[in-house]
Amino acid sequence: MNEHYLNIPFEEGRPLQQQIQERLVDAILGGHLPVAEPLPSSRKLAEQLKVSRNTIVLVYERMVDAGYLQSSKRRGYFISPAFHDPDQINVQDKSSRDGDSQKWSDRFKLQPSKYQTIVKPNQWQQYEYPFIYGQIQQEYFPIEHWRECARRTLSTTGLTDWLHDRVDIDDPMLVEQLRTRILPKRGIYAGPGEILVTMGTQNSLYLLANLLFDRHSRVALENPGYREAHSIFRSFNADLVLQPLDQEGIMVDEKLRTCDYIYITPSHQVPTGVEMSRRRRAELVELARSSNTILIEDDYDAEISMQENPIPAMKADDRDNRIVYLGSLSKSMSPGLRIGFMVADEQLIAEARVLRRLMYRHPASNNQRQTALFLSLGYYDAYLRKLRTLYVNKLVRMERALNQHLPDLMTHDVHSGASSFWLRVADGIDTEHLAWVASREGVLIEPGAVHFLHPSPPCNYLRLGFSTIPAHKIEPGISQLRTVLERFNDS
């Protein structure tokens, strides 16, 4: 507390003691002061507020009498134990002044907190069988190689590569690694001016929506689909068209010809895992060309595909710069690293770069350089080979366990190499309730209703991811889920 600065804009005509006491009480009730440290000495606080020391002494003594403070000989004044937990405090003193408080809800032009989101428990690691998607099994991450890259980044010579603000320029080493190592694996060959580093796919989508969408923009999305994309596009008032799926991916029909943009996840559709067929891709590209439509290709997990010869990205055959490609290293390296990238026509990338500068300039340069080193030294490729072997093993175990214990629930085949399974249970079962009951048995699953983007979603779908759960726990976890489901069927 001795280092805290207590800001009090004193009002004329009101006693200083009263104003200081009110400010201290508010800070205590709000939980803004450390409870294990003494408040500033009367001399220090008096100097800070430029008032007499006697004024502070009188304020402290009054707060002791009121029960807010306790005096400790030779140590100073401490917050009373009754006010150590702000969540348990009776805030009558504060609420009595709420009538004059600012009501922020009246000022919001947008309230994204009202949008539905994908929710995952913060402590998912504590569950015995975490069938959740998008996280990594951290014991397989090559931490020593990552530390080596960190040491190089932090070396005396390495500091010059990232310590200074680049304003709006990305780390040239990372751009070169993306251009020569990552993108060619998807059949994409791009120049440095066609690549922008972002803070993940959602950030890429937000930049695009900010640049391209308004209430006159008609945007198609897969349904079921990626909820966060839906929320981002909706926040820019785009006219959203929800397009159904079949076994080949998004259905191509005349309705899409009315759209300015089509957002797709062709490699592994979110959330079903369906891979868009070559025939369907060709149909979609031809429709886009004939109707002057832009395709936004989200290739979020291309790096961890388990297929031997996956279909190249749609961007690979983009002859007229009609496809915006979004990639990410989150699913392969680390969800917490937040490194993504956008590949598009130079004119679009240039505008996105300026917009990014207005928002946060650029992703942290030290993270960019460390990632670039990790790629350039071959550590990333070695890690991916290990990860794919692990995931293939898990995929086989998941398919075998589901066929053994829950044979009728899979809605799509698993040959696309996605790292999750999309399941449909009996119509009468609400998977939100199922997830809650299963979690009490140590089984963590993801209800599927959030992925349906219309107001009345079916409630009997769920997604099971396997990137996080240890391989040997897959079969017993599916068996435990079957036990929970049998209880639902009997009730």
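If you go through the range 269-301 and pick out every residue that is at negative phi, out of contact with any strand residue (DSSP E or B) (no Cβ under 8 Å at 6 or more places or on another chain) and part of a loop (DSSP other than H, G, I, E, B), you end up with 0. Annotation note: Cβ proximity below 9 Å between a residue of the range 31-48 that is in contact (Cβ under 8 Å) with a residue 12 or more places away in the chain and a residue that is of a type in the set (Val, Ile, Thr) and assigned to a loop (DSSP other than H, G, I, E, B) (sequence gap 6+ or interchain) occurs for 31/89; 45/51. Does residue 390 count as among the hydrophobic types (A, V, I, L, M, F, W, C), surrounded by 20 or more Cβ atoms within 10 Å (Cβ to Cβ), touching a residue at least 12 places away in the same chain (Cβ under 8 Å) and more than 18 Å from residue 169 (Cβ to Cβ)? Here the answer is no, as residue 390 does not meet what is asked. Only a single item in (1) farther than 24 Å from residue 361 by Cα; (2) open to solvent by 70 Å² or more (accessible area, probe 1.4 Å) is not met by residue 164, and it is number (1). Taking only pairs six or more apart or across chains, which ones have beta-carbon atoms under 7 Å, a first residue in the range 200-214 that is more than 11 Å from residue 228 (Cβ to Cβ), and a second residue that is among the polar types (S, T, N, Q) and surrounded by 23 or more Cβ atoms within 10 Å (Cβ to Cβ)? From residues that are more than 11 Å from residue 228 (Cβ to Cβ), the pairs are 204/198; 207/198.
Scanning the range 57-92 for residues that are aliphatic (A, V, I, L, M) and modelled with pLDDT under 80, which turns out most open to solvent (accessible area, probe 1.4 Å)? Before you say what the answer is, go through the steps one by one.
We begin by selecting, within the range 57-92, every residue aliphatic (A, V, I, L, M); these are 57-59, 63-64, 66, 69, 79, 82, 89, 91.
In the following step, the residues that additionally are modelled with pLDDT under 80 were identified as 89, 91.
Values: 89: 21, 91: 57 Å².
So the residue we want is 91.
Just to verify a result, which residue in the range 1-41, among those that are part of a loop (DSSP other than H, G, I, E, B) and among the polar types (S, T, N, Q), is modelled with the lowest pLDDT? Within the range 1-41, the match that is modelled with the lowest pLDDT is 2. Just to be sure I understand, how many residues within the range 232-251 are crowded, with 22+ Cβ neighbours inside 10 Å and either out of contact with any strand residue (DSSP E or B) (no Cβ under 8 Å at 6 or more places or on another chain) or of a type in the set (Gly, Ala, Ser) (or both)? The total comes to 3.
Scanning the range 454-477 for residues that are in a loop (DSSP other than H, G, I, E, B) and either within 20 Å of residue 270 (Cβ to Cβ) or of a type in the set (S, T, N, Q) (or both) returns 454, 455, 456, 457, 458, 459, 460, 466, 467, 468, 469. Meeting the requirement of 2 or more residues that are of a type in the set (Phe, Trp, Tyr), the helices (runs of 4 or more DSSP H) wholly within the range 326-436 are 379-405. Among all positions in the range 469-488, there is no residue which is open to solvent by 10 Å² or more (accessible area, probe 1.4 Å), in contact with a Pro (Cβ under 8 Å, 6 or more places away or on another chain) and of a type in the set (Gly, Ala, Ser).
Residues checked against (1) within 17 Å of residue 474 (Cα to Cα); (2) open to solvent by less than 60 Å² (accessible area, probe 1.4 Å); (3) under 26 Å from the mean Cα position of the chain (by Cα); (4) at pLDDT 95 or above:
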position	(1), (2), (3), (4)
346	no, no, no, yes
351	no, no, yes, yes
409	yes, yes, no, no
425	no, yes, no, no
441	yes, no, no, no
449	no, yes, yes, no
453	no, yes, yes, no
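Pairing each residue of the range 62-85 that is on the phi > 0 side of the Ramachandran plot with any residue that is not in a helix (DSSP H, G or I), provided the two are 6+ apart or on different chains, yields C-beta distances under 7 Å for 67/80; 76/38; 76/39; 76/41. All of 148, 139, 176 fail the test of being assigned to a helix (DSSP H, G or I) and loosely packed, with under 11 Cβ neighbours inside 10 Å, apart from 139.
The values are calculated or read from the model by the stated rules, or taken from the named source; none is laboratory data. Bear in mind the structure is a predicted one, so any value in this text is a computation, not a measurement. Counting neighbours? That spans all protein chains shown, and the Cβs are built from the backbone with ideal geometry, glycine included. Ligands, DNA and RNA are excluded from the accessible area calculation, which covers all protein heavy atoms including side chains. Shrake-Rupley method; radii C 1.70, N 1.55, O 1.52, S 1.80 Å.
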